[in-house]
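Colleague: Submitted below is the structure of interest, expressed as C-alpha cells.
The values are calculated or read from the model by the stated rules, or taken from the named source; none is laboratory data. On a predicted model such as this, the values are computed, not experimentally measured, just so you know. Here the Cβ positions follow ideal geometry from the backbone for every residue, glycine too, while neighbour counts run over all protein chains shown.
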Ligand SMILES: [Zn+2]
C-alpha cells in the first residue's frame, strides 16, 4: 500500500565525524534525504528545507503518496530551521534557504569559530553541487514551507508593506487566512492559482532582494518555482494547496 521509499543522497550527513578533514568531504554539509513515491516525475522536484516546518513535510509526503509519482528532497537537521556544522576545524550555521546564490550564502553563513574561510568555501561547493545535481535541469520546483502566527503572511507583500519590493503582482482572497499563500516566479503559475481563489504573490524577479533563497535562484534560471506556504498546523489548507499544484502539474507538465 505504502510505496514511498527513502534514499539518502550522497550529500547526506547530519554531523561530520571530527576526525575527517572537512576539506576532503565538501559535500557532507547539506543533510538531504530523497523520498520518492513511484517513479520520479521528470523535470519536477519537491523540496522541504526547514526541518522545523513539520506540517509542510507531512502534507507533502501525504500528497506524494496520493500522486504516486515524484520525489521530495527533504532537509533533516535535528528539527531546527538552521543547519549547524561542528567539527574540529570549524563551527558554523546557516539558514538552508539562504544559500542558493553566491551573494546570499555569503551573508547567510554564521561562523562561530575556527576556519571561517574554509567554511565559506565548503558552503559554496556544497550548494553548487546540490544545485547542479538536483535542481539545475528541473522545469518546476515545488517548495513547501510553514509560517507561524506572528510570522510571514501574504499581507507582508502588499503595496507599502515590508516585502512589497519582492512583489510584482498579488492576489488576495479576503475569506482565506493570510498565512496561507503561494509565492511563485512565473505569470503562468500566478494566473492558474489566483484564478482558483488562493492568495498568491508573483515575485518581482528584477527587484527582489538577492537573499540567496531558492525563489531568487529559480528566477535567475527561469525555472518555474512554486512555494506552498501555509500556517503551522494548517493541514487541510496546505493539502488543498498541494492538490491545486498537482492539477497545475498535470496541466503544464504532463509527460
Ligand atoms: Zn520555511
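Colleague: Looking at region 94-111, is at least one residue outside any helix (DSSP H, G or I), free of Cβ contacts under 8 Å to residues at least 60 places away in the same chain and within 16 Å of the ligand (Cβ to nearest atom)?
Modeller: The answer is yes; a qualifying residue exists.
Colleague: From the list 131, 118, which one is modelled with pLDDT of 95 or more and crowded, with 16+ Cβ neighbours inside 10 Å?
Modeller: Unique residue meeting the criteria: 131.
Colleague: Filter region 220-234 down to the residues that are within 16 Å of the ligand (Cβ to nearest atom) and either out of contact with any strand residue (DSSP E or B) (no Cβ under 7 Å at 6 or more places or on another chain) or within 20 Å of residue 164 (Cβ to Cβ) (or both) and list them by number.
Modeller: Result: 225, 227, 229, 233, 234.
Colleague: Hey, any hits in region 52-67 for a residue that's within 14 Å of the chain's Cα centre (by Cα) and either away from the ligand (no atom under 16 Å from the Cβ) or not in a helix (DSSP H, G or I) (or both)?
Modeller: yes
Results for (1) modelled with pLDDT of 95 or more; (2) under 20 Å from residue 47 (Cβ atoms); (3) within 16 Å of the ligand (Cβ to nearest atom); (4) surrounded by fewer than 23 Cβ atoms within 10 Å (Cβ to Cβ), shown as yes or no for each residue.
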residue: 159; (1), (2), (3), (4): yes, no, no, yes
residue: 181; (1), (2), (3), (4): yes, yes, yes, no
residue: 185; (1), (2), (3), (4): yes, yes, no, no
residue: 196; (1), (2), (3), (4): yes, no, no, yes
residue: 203; (1), (2), (3), (4): yes, yes, yes, no
residue: 212; (1), (2), (3), (4): yes, yes, yes, no
residue: 215; (1), (2), (3), (4): yes, yes, yes, no
residue: 218; (1), (2), (3), (4): yes, yes, yes, no
residue: 241; (1), (2), (3), (4): yes, yes, yes, no
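Colleague: Okay, next question. Would you tally the residues in region 220-238 being under 20 Å from residue 71 (Cβ atoms) and either surrounded by 18 or more Cβ atoms within 10 Å (Cβ to Cβ) or without any contact (Cβ under 8 Å) to a residue 40 or more places away in the chain (or both)?
Modeller: Of the residues in that region, 7 qualify.
Colleague: Out of all the residues in region 118-149, which are more than 16 Å from the chain's Cα centre (by Cα) and within 16 Å of the ligand (Cβ to nearest atom)?
Modeller: Within region 118-149, 148, 149 meet the criteria.
Colleague: Residue 61: modelled with pLDDT of 95 or more and surrounded by fewer than 22 Cβ atoms within 10 Å (Cβ to Cβ), yes or no?
Modeller: yes
Colleague: Hey, can you tell me all the residues within region 151-170 that are in contact (Cβ under 8 Å) with a residue 40 or more places away in the chain and assigned to a helix (DSSP H, G or I)?
Modeller: 154, 157, 165, 166
Colleague: Just one of 99, 11 is modelled with pLDDT under 95 and more than 20 Å from residue 244 (Cα to Cα); which is it?
Modeller: Of the residues listed, the single one that is modelled with pLDDT under 95 and more than 20 Å from residue 244 (Cα to Cα) is 11.
Colleague: Right, another one. Only one residue in 173, 197, 147 is in contact with a strand residue (DSSP E or B) (Cβ under 7 Å, 6 or more places away or on another chain) and touching a residue at least 12 places away in the same chain (Cβ under 8 Å). Which one?
Modeller: 147
Colleague: Condition test on residue 115, is it over 24 Å from residue 184 (Cβ atoms), touching a residue at least 12 places away in the same chain (Cβ under 8 Å) and touching a helix residue (DSSP H, G or I) at 6+ places or on another chain (Cβ under 9 Å)?
Modeller: yes
Colleague: A further question follows. Is it true that some residue in region 72-88 is within 15 Å of residue 32 (Cβ to Cβ), crowded, with 17+ Cβ neighbours inside 10 Å and away from the ligand (no atom under 16 Å from the Cβ)?
Modeller: Within region 72-88 (the criterion being within 15 Å of residue 32 (Cβ to Cβ), crowded, with 17+ Cβ neighbours inside 10 Å and away from the ligand (no atom under 16 Å from the Cβ)), the answer is yes, since at least one residue qualifies.
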